[in-house]
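Worksheet: one structure, shown below.
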Amino acid sequence: MYDYVIIGGGIVGVSTAWQLQQRRPDSSILLIEKESEFAQHQTGRNSGVVHSGIYYTPGSLKARFCRLGVEETISFCHKNDIAIEQCGKLIVATNEVEYERMLALYERAHENGLEVELLDAVMLKAREPNVKGSGAIFLRTTGIVDYPGMTRKMAALFCDLGGQTQLNSKVVGINETNNMVDITLADGIHVEAKHLVVCAGLMADRLAIMQGLDIDFRVIPYRGEYYQLPPDKNNIVKHLIYPVPNPLVPFLGIHLTRMIDGSVTIGPNALQGYKREGYGRLNFSVVDTLAMISFPGFWNVLRKNFRSGLCEFWNSIWKRGYLKQVNKYCPSITISDLKPYPTGIRAMTVHRDGSLIDDFLMIDSPRTLHVCNAPSPAATSAIPIGNHICDKILKE
């Protein structure tokens with residue numbers, strides 16, 4: 001019998017376990033992860049960006065957590081020798097429509113209390129000679145970091161404080177009673193807990209259903225394909241370069257990202273996924289696909305985003321279409337520069353009516369708390385999110 005069990009070895013689950021052990025040093029806490037290592041899914045397969053919070057609705061949990069998360073991520077990395085670099089970010093407008101959207105985004109940045117600078121075309125060219133545009137927003141605090149390294153360090157600190165981890169342990173059953181929560185693992189072992197926290201990312205809805213919770217949403221997977229530039233293009237940009245996002249599409253668009261190892265990636269796009277953990281070129285799961293197409297929200301999302309989805313699919317199979325999205329703001333990149341790079345999967349949480357759950361969503365029962373939606377910038381915000389989860393479970 002443990003006092004607390006946390007399911008999920010991504011950065012949110014590990015952050016929660018580490019902070020809970022600090023706040024309850026005499027409690028027995030177990031962290032369960034189904035993979036052989038931590039940070040194997042969304043945490044380890046993203047752009048590695050420390051986001052500023054410019055895109056998020058003022059007053060939302062996303063905006064508040066992100067602003068706090070930048071400061072706490074930087075502090076944690078400096079204290080623990082984790083690679084991090086605040087290189088800054090440019091959101092570049094390339095036409096009149098994007099320029100007007102950029103100005104609206106600039107106003108939102110001020111509403112969110114961010115330090116931003118508006119650049120005209122000449123100032124942009126001086127800052128980034130290989131980037132063209134009619135203007136840009138410069139965000140000084142945005143950076144890049146080693147999120148898997150952060151996660152592994154938090155796990156080590158958790159264990160140093162007396163916490164326990166259990167890898168290679170897939171959860172197949174959750175049964176809550178008045179006195180405890182019984183967790184069944186795939187090997188038949190049962191783990192008992194007074195309180196359970198679930199941070200399952202791509203599988204968040206399935207573990208909620210496994211426990212018998214009544215939910216009206218499902219996780220819909222979207223594949224994000226990346227390319228990497230050759231080493232001789234590692235200095236093509238000094239900052240992170242993002243397009244101005246289309247407010248009608250729930251993704252930020254294809255961007256140029258300086259990685260913490262010095263390389264530069266391009267991406268991601270946003271393709272419909274047919275396997276929740278399908279990272280190869282051709283991935284299909286009968287179970288995942290049937291579950292997805294039997295949910296009305298999937299068809300509602302598909303209908304609302306059919307044209308953009310079709311464009312994403314076409315650009316995936318026709319590399320020149322993908323390249324065109326980048327050449328809008330960086331024309332010197334050629335088709336031969338697009339080298340293979342690992343794919344990621346993004347979990348989009350969707351209501352039955354097809355509306356996207358855009359903010360953090362947590363549901364609870366007397367002895368459990370499920371983090372059902374932890375959207376980007378969850379990695380940036382992992383420390384304040386973990387602290388918030390601890391507040392909730394300790395209060396209850």
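The values are calculated or read from the model by the stated rules, or taken from the named source; none is laboratory data. Since the model is a prediction, treat every value here as computed from it, not as a measurement. Positions of Cβ are generated from backbone atoms using ideal geometry, with glycine treated the same way; all protein chains shown enter the neighbour counts.
Would you check if A109 is buried (at least 20 other Cβ atoms within 10 Å of the Cβ) and small (G, A, S)? Walk me through how you get there before you give the answer.
Numbers: buried (at least 20 other Cβ atoms within 10 Å of the Cβ): yes; small (G, A, S): yes.
It is true that A109 is buried (at least 20 other Cβ atoms within 10 Å of the Cβ) and small (G, A, S).
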Next item on the list: Test each condition in (1) of a type in the set (S, T, N, Q); (2) within 16 Å of L31 (Cα to Cα); (3) touching a Gly at 6+ places or on another chain (Cβ under 9 Å) for T141 and report the one that comes out false.
Entry: (2)
Check: Does any residue of the range 329-339 turn out to be touching a Pro at 6+ places or on another chain (Cβ under 7 Å) and either surrounded by 22 or more Cβ atoms within 10 Å (Cβ to Cβ) or modelled with pLDDT under 95 (or both)?
Finding: yes
Notebook entry, point to check: How many residues does the range 51-88 contain that are in a loop (DSSP other than H, G, I, E, B) and either touching a residue at least 24 places away in the same chain (Cβ under 8 Å) or of a type in the set (K, R) (or both)?
Noted result: 14
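Looking only at the range 220-230, decide whether some residue is of a type in the set (S, T, Y) and over 17 Å from N315 (Cα atoms). Show your work before the answer.
Step one: filter the range 220-230 for residues of a type in the set (S, T, Y), giving 222, 226-227.
So of that shortlist, the ones also over 17 Å from N315 (Cα atoms) come out as none.
No: zero hits.
Each row is one residue, and each column tells you yes or no for (1) more than 20 Å from F217 (Cβ to Cβ); (2) in contact with a Cys (Cβ under 8 Å, 6 or more places away or on another chain).
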| site | (1), (2) |
| --- | --- |
| T289 | no, no |
| R303 | no, no |
| N315 | yes, no |
| R320 | yes, no |
| A347 | no, no |
| R352 | no, no |
| D359 | no, no |
| A374 | no, yes |
| I383 | yes, no |
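Table: residues versus (1) in a helix (DSSP H, G or I); (2) modelled with pLDDT of 95 or more.
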position: E100; (1), (2): yes, yes
position: R108; (1), (2): yes, no
position: V122; (1), (2): yes, yes
position: P129; (1), (2): no, yes
position: G133; (1), (2): no, yes
position: F138; (1), (2): no, yes
position: C159; (1), (2): yes, yes
position: D182; (1), (2): no, yes
Notebook entry, point to check: Within the bounds of the range 331-352, is there any residue that is more than 18 Å from P230 (Cα to Cα), in contact (Cβ under 8 Å) with a residue 40 or more places away in the chain, of a type in the set (S, T, N, Q) and not in a helix (DSSP H, G or I)?
Noted result: yes
Margin query: Need the failing condition index for I317 against (1) closer than 30 Å to A17 by Cβ; (2) modelled with pLDDT under 95, just the number.
Written below: (1)
Next item on the list: Kindly indicate whether I91 is within 24 Å of G8 (Cβ to Cβ), buried (at least 17 other Cβ atoms within 10 Å of the Cβ), in contact (Cβ under 8 Å) with a residue 12 or more places away in the chain and of a type in the set (V, I, T).
Entry: no
Notebook entry, point to check: Going through the range 264-274 one residue at a time, which ones are assigned to a loop (DSSP other than H, G, I, E, B) and either in contact (Cβ under 8 Å) with a residue 60 or more places away in the chain or farther than 22 Å from S308 by Cα (or both)?
Noted result: P268, A270, G273
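Looking only at the range 210-234, count every residue that is in contact (Cβ under 8 Å) with a residue 60 or more places away in the chain and either part of a loop (DSSP other than H, G, I, E, B) or of a type in the set (F, W, Y) (or both) and tell me the total.
First, the residues of the range 210-234 that are in contact (Cβ under 8 Å) with a residue 60 or more places away in the chain: 211, 213, 215-230, 233.
So of that shortlist, the ones also either part of a loop (DSSP other than H, G, I, E, B) or of a type in the set (F, W, Y) (or both) come out as 213, 215-217, 222, 225-227, 229-230.
Residues meeting the conditions: 10.
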Checklist line | Condition broken by I144, with the remaining ones in (1) assigned to a loop (DSSP other than H, G, I, E, B); (2) crowded, with 20+ Cβ neighbours inside 10 Å satisfied | finding: (1)
Item checked: Yes/no for D182 being acidic (D, E), at negative phi and in contact with a strand residue (DSSP E or B) (Cβ under 6 Å, 6 or more places away or on another chain) -> yes
Note to self: Any residue at all in the range 128-139 that's loosely packed, with under 15 Cβ neighbours inside 10 Å and on the phi < 0 side of the Ramachandran plot?
What the structure shows: yes
Notebook entry, point to check: Given the residues V172, V197, V237, V191, which is the only one that is assigned to a strand (DSSP E or B), crowded, with 21+ Cβ neighbours inside 10 Å, modelled with pLDDT of 95 or more and among the hydrophobic types (A, V, I, L, M, F, W, C)?
Noted result: V197
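Any idea how many residues of the range 371-396 are touching a residue at least 12 places away in the same chain (Cβ under 8 Å) and more than 26 Å from S52 (Cα to Cα)?
We begin by selecting, within the range 371-396, every residue touching a residue at least 12 places away in the same chain (Cβ under 8 Å); these are 371-390, 392-394, 396.
Still in the running and more than 26 Å from S52 (Cα to Cα): 393-394, 396.
Residues in the range 371-396 being touching a residue at least 12 places away in the same chain (Cβ under 8 Å) and more than 26 Å from S52 (Cα to Cα): 3 in total.
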